[in-house]
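Notes follow the structure.
The values are calculated or read from the model by the stated rules, or taken from the named source; none is laboratory data. Fair warning: this is a prediction, and the values are worked out from it, not measured in the lab. In this analysis, Cβ positions are derived from the backbone assuming ideal geometry, glycine residues included, and neighbour counts consider all displayed protein chains. The area values use the complete protein model at the heavy-atom level, side chains included, leaving out ligands, DNA and RNA. Shrake-Rupley method; radii C 1.70, N 1.55, O 1.52, S 1.80 Å.
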Amino acid sequence: MLAADWSLFDLLALALGYLLGSIPVGLILTKLAGHGDLRDIGSGNIGATNVLRTGNKPLAALTLMLDLLKGTAAVLIGARFGADAAILGGLGAFLGHLFPVWLGFRGGKGVATYIGVLLGLY
């Protein structure tokens with residue numbers, strides 16, 4: 001698909017996917033749980049593996065699930081507008097997790113979000 005062939009729905013799916021993917025779930029959950037800023041712990045990433053370094057396994061599992069779900073949700077929302085929009089929504093979620101606008105474009109590694117995208121596309 002060439003960029004010239006993109007519809008408004010494709011662009012909306014990409015943008016919405018990016019916004020969903022850029023939600024820093026691990027950072028939000030660790031702050032709410034009283035563990036401080038996740039970026040100051042371990043590797044500094046915002047993903048489930050680094051949340052696990054706080055010693056809170058249930059919080060790490062919840063982070064993993066929500067990171068998966070944001071990828072899946074982006075694909076499923078985009079799928080309402082067609083296969084191309086589903087793929088672009090998933091791409092947006094993946095890129096949003098890697099480069100979240102809210103965190104100066106420094107996010108996680110995107111493994112859980114990518115798996116969520118694959119599950120949504122399946």
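The angle separating the long axis of helix 8-21 from the principal Cα axis of greatest extent in the chain is about 10 degrees.
Placing R106, R39, R80 in order of accessible area, with the largest value first and a 1.4 Å probe, yields R80, R106, R39.
A full extension of the chain between L11 and L76 corresponds to an added length of 21.9 nm, given 0.36 nm per residue minus the alpha carbon distance.
Ranking of D10, D40, D5, D84 by solvent-accessible surface, largest first: D40, D5, D84, D10 (1.4 Å probe, protein heavy atoms only, all chains present). The 3J(HN,Hα) values that the Karplus relation (6.51, -1.76, 1.60; θ = phi - 60°) gives for the range 91-102 are, in residue order, 4, x, 5, 4, 5, x, 5, 5, 10, x, 4, 5 Hz. Gly and Pro appear as x. A probe of 1.4 angstrom, applied to the heavy atoms of all protein chains, finds S43 with accessible area near 70 square angstrom.
Taking only Cα atoms of the range 1-50, what ratio of Rg to Rh do you get with Rh as the Kirkwood inverse-distance radius? Display every interim value, and only then the final one.
Values: Rg = 16.2 Å, Rh = 13.0 Å.
With Rh from the inverse mean 1/r over Cα pairs, Rg/Rh is 1.25.
Each 10 Å bin, from zero up to the one with the longest distance, holds this percent of the alpha carbon pairs of the range 43-122: 22, 46, 26, 6, 0. When the surface is traced with a 1.4 Å probe over the full set of protein chains, T49 keeps roughly 100 Å² accessible.
Extending 7 Å from Cα along the Cβ direction at K57 and again at V111 yields two label points whose distance is 1.8 nm.
Going by accessible surface with a 1.4 Å probe and the largest first, H35, H97 read H35, H97.
Axis angle, to the nearest 10 degrees, between helix 111-121 and the longest C-alpha principal axis of the chain: 30 degrees. Name the residue farthest towards the positive end of the dipole of the chain from the options Y122, I46, V101, assuming +1 on Cβ of Lys and Arg, -1 on Cβ of Asp and Glu, about the Cα centre. Value: I46. Atom-type composition of the exposed protein surface of the chain places 70 percent of the accessible area on carbon and sulfur (1.4 angstrom probe). Note that the range 32-41 has calculated 3J(HN,Hα) couplings of 5, 7, x, 8, x, 7, 4, 5, 9, 10 Hz, one per residue in order, obtained from phi through the Karplus relation 6.51 cos²θ - 1.76 cosθ + 1.60 (θ = phi - 60°); glycine and proline are x. The figure for V25 is an accessible area of roughly 20 square angstrom, using a 1.4 Å probe on the protein chains alone. With K and R counted +1 and D and E -1, the other residues having a Cβ less than 13 Å from that of G92 yield a net charge of -1.
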